[in-house]
1. Just the residues that are touching a residue at least 60 places away in the same chain (Cβ under 8 Å) and surrounded by fewer than 24 Cβ atoms within 10 Å (Cβ to Cβ), please, taken from segment 264-277.
2. Would you confirm whether any residue within segment 77-96 is within 24 Å of LEU322 (Cβ to Cβ), surrounded by fewer than 21 Cβ atoms within 10 Å (Cβ to Cβ), within 12 Å of the ligand (Cβ to nearest atom) and in contact (Cβ under 8 Å) with a residue 24 or more places away in the chain?
3. Need pairs with beta-carbon distance below 7 Å; first residue open to solvent by 10 Å² or more (accessible area, probe 1.4 Å) and more than 14 Å from the ligand (Cβ to nearest atom) and within segment 231-246, second of a type outside the set (Lys, Arg) and assigned to a helix (DSSP H, G or I); sequence gap 6+ or separate chains.
4. Mind listing whichever residues of segment 334-348 are assigned to a helix (DSSP H, G or I) and open to solvent by less than 80 Å² (accessible area, probe 1.4 Å)?
5. Which residues, taken from segment 161-206, are open to solvent by less than 30 Å² (accessible area, probe 1.4 Å) and away from the ligand (no atom under 16 Å from the Cβ)?
6. Restricting attention to segment 306-313, does a residue exist that is open to solvent by less than 40 Å² (accessible area, probe 1.4 Å) and within 25 Å of GLU144 (Cβ to Cβ)?
7. With SER215, SER219 as the choices, which residue is at pLDDT 95 or above and either within 16 Å of the ligand (Cβ to nearest atom) or under 30 Å from ASP106 (Cβ atoms) (or both)?
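The values are calculated or read from the model by the stated rules, or taken from the named source; none is laboratory data. Remember, predicted model here, so these are calculated numbers, not experimental data. Here Cβ is always computed from backbone atoms with ideal geometry, including for glycine, and neighbour counts include all displayed protein chains. The protein model used for the area step is the full one, side chains on, heavy atoms only, and it has no ligands, DNA or RNA in it. Shrake-Rupley method; radii C 1.70, N 1.55, O 1.52, S 1.80 Å.
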Amino acid sequence: MKACIRDTAAAVTAVSAAVALAACGAGAGSDPDGDKAPRIGLLLPDATTARWEAQDRPLLEKRIKALCATCVVEHVNARGEVAIQQEQMDSMITKGVDAIVLVAVDARSLGSVVAKAHAADIPVIAYDRLAEGPISGYVSFDGEEVGKLQGRALLHAMGDSVADPQIVMMNGDPADPNAVSFKKGAMSVLSGKVKIGKEYDTLQWRTETANMNMSAAISALGADAIDGVYSANDGLAAGSISALKANKVDPLPPVTGQDAELGALRRIVAGDQYMTVFKPFEPEAAAGGAMAVAAARKEGMDRVASDEVRTRGGERVPAVLLTPVSVTADTIKDTVVKEGLHTVQQICIPQLRAACDRAGLT
Ligand code: BGC
C-alpha cells in the first residue's frame, strides 16, 4: 500500500491520480490471484527511441508488480521490424499469456495477430499507439495536440522576421498512427503560414534516416533557405541537427522535437534545438499497467479507463488519454525537472553550465 501512496503523489494529472487511486484500490487487500501467477506479455517497438526501454518498460513493470505481486512480465523488443513483432505476438499466444501490452510497430499489419490473440481469449492493451483489431484498452496522449504544440512553437520561434518562411518536415513512420496524428495536428497550425520546402516520412523513426534526409534537403534547398524544421520527435531532431551542423548551417534554424529526452534537453539549453514535447511517462505507464493487470484478471476496464476511443474498425475501446506539455529552455525547470523526469545535474553537464544559468537551471 505504501507504493500506492507514493505513486499517487507523483502522478502529474488529475486523470492519472484517479487511475493511480483506482489501481491502488484494486490491488490492495487480499490476493485476487491466489496461487496463480498471471503472465503479461510486453511488446515494445524499437530500441531506437530511448523512452521504450529507459522509461516505459521499468515504469510498467513497477506498476504491474505493485498491483499484482505474483504477476510475471515477459518483455520483448521488435527492434523496428514488423515481422519480428508478429512472431513475438504469435509466441505470446502459443505460451498462453494472460494479457498483452502492445506498442505496435505497424498498426495495420499487426491487426490480424491482435485478432488471433482475441480469439485465444488473450486481451490486448494498446500502449501509446492505437493498434488495429479487437483491443481491450488503450492509453496514450492526444497526438494531434502534440503536433499542434510543435507547430505553434515553430511559428513562434520563426517569428515575423521572415516574410514567407520555408520549413523542412521530418515526420515519423506512417505505419505508426501517432505519426499520422502528429502531422495532422502540426499541419492544422502550419498550413497557409509556411512553405514546406521538403517533407519526409521516416520509416522506423530512425535517427540516421533523418540525418540523411536533412542533408538531402540542404543540398536541394540551399543552406540559407531553411527557416525552420518540424521534427516529429527528439531522435529525428538529433539526426536533423547533426546534418545541419555538418553542413555548416549557421545560425541553426529552430527545430522541434518530442519525448523530453535527456539529449534533447541538453540541445535545448545549448540553443541547438528549440523545443520538445513532454508526455509524462509515469501516468501513462500507471494506466497501462492497471489496464494490463485488470485484463489479465479478466476484470472490466471501468475502474481504470475514464475515456473512450474508436478504432479504425469503429469499435469503442475504453481508454485513458493524457495531455502533452510543450517545453522550451525557459520551462524545463517547471516541467520535466519538477516532475522528476531528469534532474538539473543530469541536464547541466559542465560545458552547459553558463547556458544552464541563463535558463535558470541551478
Ligand atoms: C511515440 C513517441 C515516440 C515515437 C518513436 C510514437 O508512437 O508516441 O513518443 O517518439 O513513437 O518511437
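1. Once the filter is applied, which keeps residues that are touching a residue at least 60 places away in the same chain (Cβ under 8 Å) and surrounded by fewer than 24 Cβ atoms within 10 Å (Cβ to Cβ), segment 264-277 yields ARG266, VAL269, ALA270, GLY271.
2. yes
3. SER242/ASN211
4. Residues satisfying the conditions are THR335, VAL336, VAL337, VAL344, ILE347.
5. Within segment 161-206, PRO165, GLN166, ILE167, VAL168, VAL189, LEU190, VAL194, GLY197 qualify.
6. Yes, segment 306-313 contains at least one residue that is open to solvent by less than 40 Å² (accessible area, probe 1.4 Å) and within 25 Å of GLU144 (Cβ to Cβ).
7. Step by step, each of SER215, SER219 is checked, and only SER215 is at pLDDT 95 or above and either within 16 Å of the ligand (Cβ to nearest atom) or under 30 Å from ASP106 (Cβ atoms) (or both).
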